[in-house]
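So the structure is just underneath, and the comments pick up after that.
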């Protein structure tokens, strides 16, 4: 093995800007053949200078009459497209791309993708099934919705209610996601979380999709199987979920049409109920959390960030994109999964990977660190895990069992 | 030529696992190799984890050694001191290997393997020559000798967990590949020090001696005057006497024996006996000789075991039993049983009425399928599990203080086994029958029965594999019962050992109990009273010159060589007596495998040269008292509390303050966090 040579960047190919700082993304781009520039807040500047990383400073929280500036700067540099790395940069990418590509619709599209309520309406208009949902501006709205949902389900007073889900309009993944079962729990929601999106609970199998889209067509579609939402995911999915692939593909095609997505990358979530009906949950126009990109690289060997660049770059050719992606499922070298660890005890003093986990044939690695505080904050919402544990192996069912099993183990004692 | 007994090597059964893990390692290496310098650290976690998983597999060290160049080029050492091997300092490697941080240990280990690859010429490094690398590793070996042949100590196990074993395996690999000439003298000295404690398990020492023997037989090696005393070690295993001088293999040796007259046999017998009692090691040829002599004369048999007059009487009195024991238990693979048998006979315990019949029962005992499986897993199929267990019985009865807890947190159970073998061999044999035949022990705790089957868990979370045959199958049961007794004390005020120890070990473990740590707060309490009572109960000058009658369980606060608290540990107080220098010492049994430990602040446990019997550790009375935190005593025997001199008590308290008591002083003095003193010692 020799040191990687500096990549020769091909001026014939596109010039991309990534919005937001992700070292994994930057590292992957730095050894890809496209010219690139990182657009990130000024705290990234020193690091970029030190490592010769092309960089433009921009504060995404600032929204004022200078906002056009960044689009113009990038345009002057010759940048072809902007790629959002985080939820918070999705509308920035839409705004910038509408300038770079001279297509004002891209901004509207981005706004749709940023607001969970608008997103659901749009999906509904596109003929996609969604659950019951509504916006809430205060706690009364939540109580009303909870009651109404349970009346619809013909519950009597005293029957255990079906839960409802509350999500922030514009946050990624599980952030701000709460489950409410009783009116009492409504009081625990802090004021600053409103307004929120409320959804009825769907009993079903939740999964996510990662789809790379180019020229309006799906180029690679991965199905990520959740073992337990917020805890664990693996790719590729079990054959039982993969057998829905044709239906899922049709759903994604509907989604692409409804949102008029021509290029880039989407990450929607669905439920499939016991009768095989598919319900749309939400969709994001940026890389997924939970290190799914890393899992894909482990399973298939391609770098998902480089794939992202290909799907966004208007100068990418059909041949190039065909050659880049492996065939779904059949080309996977195994199943890669990860488990998010939450401490199970209220007081913990040390990190102690269970031997059963560490010795398992599928165990690969973990990124847990020793606890900084002894008392574990009570989880209110789904919250953030303390780190991930990675697994890799041949048998998807063994993987699913293994990930499920981790929920019963203590990683912090 | 037959098949020489030396060397024996491992079987390649874990190949499939290793292959899989190597694939993961290569993938992780590749991922790091293609990453940019600024992104290397993103790939480090997976690479380190996959390295660790490879290194714990048999053959893992060689595999990583072969990949050393790839790993370095991929950037494993990027941004660390290890990136410039030409400036690394051998003296600092020990700190890396003994780090609490598993990643530091791994990096250090891989760096050593890289040096090894350079030294052997597999890896032509631009900045380090093969000679320099060789020199470097020799120094690393010399300065970390203990890693070569002692299992992890209490301190290391607490601090490093499973990494402690990994560094030992690493050193074995390094030693075998670098050679021992530079470290031979110290190595031999250490081997003798370990052997003087007469452990039951000598596999690790045997392995080292074997490696030294192989190393010495290499004509390219120039040893000079190094390795005085190594001959005796090698010859005690592989060429003890005239007829096996050149390690001819057991079959050839047997045919030579058949051609010998009584005189020559006498020579063989005496030669083996001398070597065995000298080193504590038994040659496989010795076992063969014993089996051969069964059909010859009892006189020669006694000679071959080097028996004392007691032992000889015992053998003649229990002639049939001894013959059957040899037939069943003594094989070239279980040669150490010869030493066990010889000492068992010398101890005269066969004269205790139940012991001989209990051994007959043991000989005929059908083992449960589970016990057979455990024994086979640990020792293989030859000889049969039953013979293996019987050989273990001979060893434990001959060397009660040679029991070690291995790399397991089960010091309580090891101590109980040792205590029974020492004090109540009949009971030990009974417990063993229950386990080996029925897979269950039932003990009673304050009138309630406790089954080792019902109890869910013990102190240890995994089954041991690194123990002598008796401990191997008995310890998991004892451990569960011990833990269950502790659970039944939950909610009581004070330390559970007060009630558990007498019920667990036996009636002789006295009901009087003192502890100098407050369980709630972890602070020291009643220190002076604690010490005065200890003197009055145990010190001959204050207890009416009464020697200790029964071994008594005790608890010590183990400290490391810097006198820092490590953990609670179970020991047995065996006797208190004056040593040849007239210093009153406490002689005790430590279930740790090597009792010779440095507890800091000048408190160094001695294992030989101060009147110790084989297997005993000892400290001057004061120093011992300074690490003690629990003892039992008979409240009806009052000693002279008042006569214990104040300055002696003050000196001991000084020792305590300078070590484990530093942050446990009662409120008002220094403040500190309470230690988890409710946890049972391990």
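Just so you know, all these numbers are worked out from the coordinates, no wet-lab data involved. For clarity, every value in this text was computed on a predicted model and none was experimentally measured. Heads up, the Cβs are rebuilt from the backbone with ideal geometry, glycines too, and the neighbour counts pull from every protein chain shown.
Remarks
- Counting neighbouring beta carbons within 10 Å and listing from fewest to most, the residues B:643, B:196 come out as B:643, B:196.
- Label sites at residue A:125 and residue A:137, each approximated as a point 7 angstrom past Cα along Cα to Cβ, lie 2.2 nm apart.
- Solvent-free Debye scattering, log10 I(q)/I(0), computed from the Cα coordinates of the stretch B:144-219 at q = 0.11, 0.15, 0.24, 0.28 Å⁻¹: -0.28, -0.52, -1.21, -1.42
- Averaging the sequence gap over all C-alpha pairs within less than 8 Å and six or more residues apart, then dividing by the number of residues, gives chain A a relative contact order of 14 percent.
- Eigen-decomposition of the gyration tensor built on the alpha-carbon atoms of the protein assembly as shown gives equivalent ellipsoid semi-axes of 65, 36, 28 angstrom, largest listed first.
- Equivalent-ellipsoid semi-axes of the stretch B:389-463, from the Cα gyration tensor, Å, largest first: 21, 16, 12
- In nm, spacing of pseudo-spin labels at residue B:299 and residue B:37 (7 Å Cα→C-beta vector): 8.4
- Tensor-based shape of the stretch A:225-315 (alpha-carbon gyration tensor, a/c under 1.5 rounded, otherwise prolate or oblate): oblate
- In terms of surrounding Cβ atoms within a 10 Å radius of their Cβ, A:58, B:499 rank from fewest to most as B:499, A:58.
- Note on residue A:9 and residue B:143: with the Förster distance fixed at 45 Å, the Cβ-Cβ geometry gives a FRET efficiency of about 0.35.
- Theoretical FRET efficiency, 1/(1+(r/R0)^6), r = Cβ-Cβ of residue B:267 and residue B:310, R0 25 Å, to 0.05: 0.55
- With the simple spin-label model, which puts each label point 7 Å out from Cα in the Cβ direction, the residue B:643 to residue B:91 separation comes to 5.1 nm.
- Measuring nothing but how far apart in sequence close Cα pairs (under 8 Å, 6+ apart) lie, relative to its length, the stretch B:239-351 scores a relative contact order of 29 percent.
- Share, in percent, of DSSP beta bridges within the protein assembly as shown that are antiparallel, nearest 5: 85
- Over the residues of the protein assembly as shown, the helix contribution to mean residue ellipticity at 222 nm works out to -13000 deg cm²/dmol, using -39500 (n - 2.57) for each DSSP H run of at least 4.
- Amide N of the stretch B:545-564 lying under 13 Å from the label point, which is placed 7 angstrom from the Cα of residue B:584 along Cα→Cβ: B:545-548
- For chain B, alpha-carbon Rg over 2.2 N^0.38 Å: 1.01
- Label-zone membership for the stretch A:202-243, site residue A:315, 7 angstrom Cα→C-beta point, backbone N under 18 Å: A:215
- Mean separation of Cα contacts under 8 Å, 6 or more apart, over the residue count of chain B: relative contact order %: 10
- Residue-span extension gain [residue A:33 to residue A:61] - 0.36 nm each, minus C-alpha spacing: 7.0 nm
- Per-pair calculated FRET efficiency, R0 = 35 Å: residue B:127 and residue B:16 via Cβ, rounded to 0.05: 0.40
- Potential lengthening between residue B:30 and residue B:274 on full extension [0.36 nm per residue; Cα-Cα distance subtracted]: 82.1 nm
- Ratio of Rg to Rh over chain A (Cα coordinates, Kirkwood Rh, two decimals): 0.96
- Whole-Å distance, taken between Cα centres, linking the stretch B:275-352 and the stretch B:466-494: 33
- Net length gained if the chain between residue B:427 and residue B:521 were fully extended (0.36 nm per residue, minus Cα distance): 30.0 nm
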